[in-house]
Every structure is written in structure tokens, then in C-alpha cells.
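Read through the structure below, which is laid out as C-alpha cells, and then see the notes.
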Amino acid sequence: MVLAVFWLAKTKPANAPEKSESQTTTPAPQPTAATEANVWHGTLKASNNGTKGSLMLVTTDRTIYIRTSRDFSDLINKKVRVTYSGTLQSFVLGGITLDEQK
């Protein structure tokens, strides 16, 4: 079993208000097409930050870093389907295959 590690790369919108330390809110999980049913769809890329992972999956709303010792070099820069078990915050990589969705 291979453990996958990721970080989300997001940018804060320019018009978003700053939070003060006294404001503590927990955002509700937002379901998206990229995270439905333990599958992500996106473009597989070589990581731009080796400490975060060896690969990165670029979806429509986030970048997910994946650390794996398996060789997926033939899928770099292609649309892929990534299966996983767990949650977005903590998951185990199932597999990465060419995405046949049109």
C-alpha cells in the first residue's frame, strides 16, 4: 500500500476580507466534480515542489500533491483519473489511469 501526501495550493481572492484572530469559522465541505465518489479528474504533472510530493494533479479548483514511488511518467501532462480511499485531507492512493471521460 502506498501512502499519498498532498498539500492544497490555493490563492486568496484579492477582495477576500482578512480574518482576525477572534474570528474562528469552520468552512463546510464543498462537494465538487473533482472529488466525487473517491475519484479526482485532472491533469497529472511532475511536481514543482519535491517536498510536497513527486506528482501533482491539477484539477479545476485545486492542485493536489501526491507522493508515490510508483512510476506514472507515461501519464505526465495527460488527463487522468485518480482513485483514492480516505478524505481530501488524508488519503491513500488507489491508482492513476488515463481519463476516458469526454
When the stretch 66-102 is checked residue by residue, the ones that are farther than 12 Å from TRP40 by Cβ and in contact with a Lys or Arg (Cβ under 7 Å, 6 or more places away or on another chain) are ILE76, ASN77, LEU98
How about the stretch 59-72: which of its residues are surrounded by 15 or more Cβ atoms within 10 Å (Cβ to Cβ) and either within 10 Å of the chain's Cα centre (by Cα) or assigned to a strand (DSSP E or B) (or both)? THR59, ARG62, THR63, ILE64, TYR65, ILE66
Do we have any residue at all in the stretch 32-49 that's part of a loop (DSSP other than H, G, I, E, B) and at pLDDT below 90? yes
What are the residues in the stretch 73-87 that are at pLDDT 95 or above, of a type outside the set (D, E, K, R) and part of a loop (DSSP other than H, G, I, E, B), if any? ILE76, ASN77
Can we say THR59 is of a type in the set (Ser, Thr, Tyr), modelled with pLDDT of 50 or more and within 18 Å of VAL82 (Cβ to Cβ)? yes
How many residues does the stretch 84-102 contain that are more than 16 Å from ASP71 (Cα to Cα), surrounded by 15 or more Cβ atoms within 10 Å (Cβ to Cβ) and touching a Phe, Trp or Tyr at 6+ places or on another chain (Cβ under 9 Å)? 3
Of (1) in contact (Cβ under 8 Å) with a residue 40 or more places away in the chain; (2) more than 17 Å from GLU100 (Cα to Cα), ASP71 satisfies every one except (1)
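The values are calculated or read from the model by the stated rules, or taken from the named source; none is laboratory data. None of the values given here were measured: they were computed from a predicted structure. Here the Cβ is made from the backbone with ideal geometry for all residues, glycine too, and neighbour counts use every protein chain on show.
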